[in-house]
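The structure under discussion appears below in the form of structure tokens.
The values are calculated or read from the model by the stated rules, or taken from the named source; none is laboratory data. Predicted, not measured: the structure shown is a model, and the values here were computed from it. Cβ: placed from backbone, ideal geometry, glycine included. Neighbour counts: every protein chain shown. Please note that ligands, DNA and RNA were not included when accessible areas were found on the heavy atoms of the full protein model with its side chains. Shrake-Rupley method; radii C 1.70, N 1.55, O 1.52, S 1.80 Å.
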Amino acid sequence: MKDIFKTARALRIYGICAMAISLACIIFRLLATLFFFDVDIGYYQSGSIMAMIASYLPAIAAVVSLIICAVSKISVIPAEPRNTKAVRICALFPAIGFIGYTVIYAISMVEYHGLYGELPLVYILMLVASVISAVFFALLAFKRNVGNAYFAVSGIFLIIWLIIALAESYFDSFVQMNSPIKMIFQFATLSAVLLTVNELRVDLEVKKPRFHLFAATVATVFLGTSSIPSIICSFTGHMPSSYILFYSDCILLLLFVFSTARLCQLCFAKHTATDSVSVEEVVESEATQYAVEDNGDQPVSTETQDI
């Protein structure tokens, strides 16, 4: 009975549920922001059920995903992370997005320099990180094997970009510190950092597929929940006039496309012969472990169990 979680069917059910919850989180936050959000103070209306669901459902989804991916007795076995054709195509979206973001950010820097005569170091770092982040996804898109120093360095700069974006949101004095639009954005950037760390392992010998699955799940949930409602509500006038993260939201949306592709690859890709052997070995080792726990220090062979 315990091995039912190790089947391909259980993995597919997990993937379907993860994407369904991500869609539900996006819809609930969109409705809550459109109809139950006070633009002047930056908070949801007190007592709104829709707002409560929008706030707590992503967190609940992350906790459940962590339990399923971390607890060995009920964990699913994802496919080995690979840069398939679909993943590489979807990597093109954030690559193009970072190029566009770089152009817009460079223009704003020129305007800022014209007004104040100098540029803060963090602005220059953000511009450089944006350029190299585009390289990170370009390497993912155009190279099958990306386990090299150039890819690792570009991934580090992507993490730097995400951290600066998080800090820009955190220190924005025009939006309240604990405003829900700030908090969901910050969780989205953190989930993208987690996914990036796992993407750097794809072509390395040390891989953690279950951790990668968890990272892809939370990234898909939080990136979509943060970016899509914020972009739509920015166009409809349901975001504070001082909100400055629109272009960052566009990047998060494109990262959401990539994380969704990675989640689908981990959950729905067919296991190769090597993958099948590894899954059988995991199930066999865990069955032996349970037998040891039930019968003291003497391990019970799998042949005996079958009999």
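With protein chains left intact and a 1.4 Å probe, residues in the chain average 51 Å² of accessible area per residue.
Remark: C-alpha extents of the chain on the principal axes read 80, 50, 32 Å, sorted largest to smallest.
Counting only alpha carbon atoms, the long axis of helix 49-70 and the longest principal axis of the chain meet at about 40°. Considering only alpha-carbon pairs that sit under 8 angstrom and 6 or more positions apart, the relative contact order computed for the chain is 27 percent. Between 0 and 90 degrees, the angle of helix 246-268 with respect to the longest Cα principal axis of the chain falls at about 10 degrees. Taking amide H as placed 1.01 Å from N in the peptide plane, Phe37 has its amide H under 5 Å from the amide H of Gln45, each at least 5 places away in sequence or on another chain. Taking the charge dipole of the range 160-230 about its Cα centre, with +1 at Lys and Arg Cβ atoms and -1 at Asp and Glu Cβ atoms, the residue from Thr217, Ile228, Ser169 reaching farthest to the positive side is Thr217. Over all pairs of different C-alpha atoms in the range 146-265, the reciprocal of the mean inverse distance, the Kirkwood hydrodynamic radius, equals 14.9 Å. When +1 charges are put on Lys and Arg Cβ atoms and -1 charges on Asp and Glu Cβ atoms, the dipole computed for the range 1-158 relative to its Cα centre reaches about 1100 debye. Calculated on the alpha-carbon coordinates, the convex hull of the range 7-52 measures out at 64 cubic angstrom per residue. The portion of the accessible surface of the chain made up by carbon and sulfur, rounded to a whole percent, is 69 (1.4 Å probe; DNA, RNA and ligands excluded). Working from the Cα coordinates of the range 22-133, the gyration tensor eigenvalues give, after taking √(5λ), semi-axes of 35, 28, 14 Å in decreasing order. Mind checking the angle between helix 209-236 and the chain's longest principal axis? C-alpha axes, 0 to 90 degrees, to the nearest 10. Roughly 30 degrees between the two axes. Peptide packing: for 27-33, 37-43, the average count of neighbouring Cβ atoms within 10 Å per residue gives the ranking 27-33, 37-43, highest mean first.
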